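Participant: Sending over a structure as structure tokens; questions will come in a sec.
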């Protein structure tokens, strides 16, 4: 019977490569799927996203994530601004930055 050690040394594959297990691509702690309100009620993030979309659907509204965060706090959510940013980024609700004019950046 041939051991794994012998097979790996014969093939030239390092042990660390043989036992390497690829992760899911997102490092760190898994993001929460629930948000709490001031009433102590747990609400799913899909409900928060619906509120974010309703905030962004208002007429003449060009809110960034900080203004949306303020609106959500007024609606009674206890939510971190980083979570609002992450949710808006995942669902493509963030506004892109306007392009800078490179001619103005060049100094003579």
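Each reported figure results from applying straightforward, stated rules to the coordinates on display, with no laboratory input. A quick note: this is a predicted structure, and the numbers were derived from the prediction, not measured. For neighbour counting, all protein chains shown are included, and Cβ atoms are generated from backbone atoms with ideal geometry for every residue, glycine included.
Participant: Suppose R0 equals 35 Å. What FRET efficiency, 1/(1 + (r/R0)^6) with r the Cβ-Cβ distance, do residue 44 and residue 16 give to the nearest 0.05?
Facilitator: The calculated FRET efficiency here is 0.30.
Participant: Taking a ≥ b ≥ c as the square roots of the Cα gyration tensor eigenvalues, with a/c under 1.5 meaning rounded and otherwise prolate when a/b beats b/c, else oblate, which class fits segment 34-90?
Facilitator: prolate
Participant: Also, I was wondering about something else. Rounded to the nearest 500, what is the 222 nm mean residue ellipticity of the chain from helices alone, with -39500 (n - 2.57) per DSSP H run of 4+ residues and division by all residues?
Facilitator: Per the formula, -12000 deg cm²/dmol.
Participant: Sorted by average packing, counted as other Cβ atoms within 10 angstrom per residue and highest first, what order do 48-54, 58-64 take?
Facilitator: 48-54, 58-64
Participant: Let me ask something else about it. Show me, bin by bin at 10 Å from 0, the whole-percent P(r) of the chain based on Cα pairs.
Facilitator: 11, 29, 17, 13, 13, 12, 5, 0
Participant: Using a Förster distance of 22 Å, how high is the FRET efficiency between residue 97 and residue 58, based on the Cβ-Cβ distance and rounded to 0.05?
Facilitator: 0.50
Participant: Show me the ranking of peptides 76-83, 15-22 by mean Cβ neighbours inside 10 Å, starting with the highest.
Facilitator: Going by the mean number of other Cβ atoms within 10 Å, highest first, we get 76-83, 15-22.
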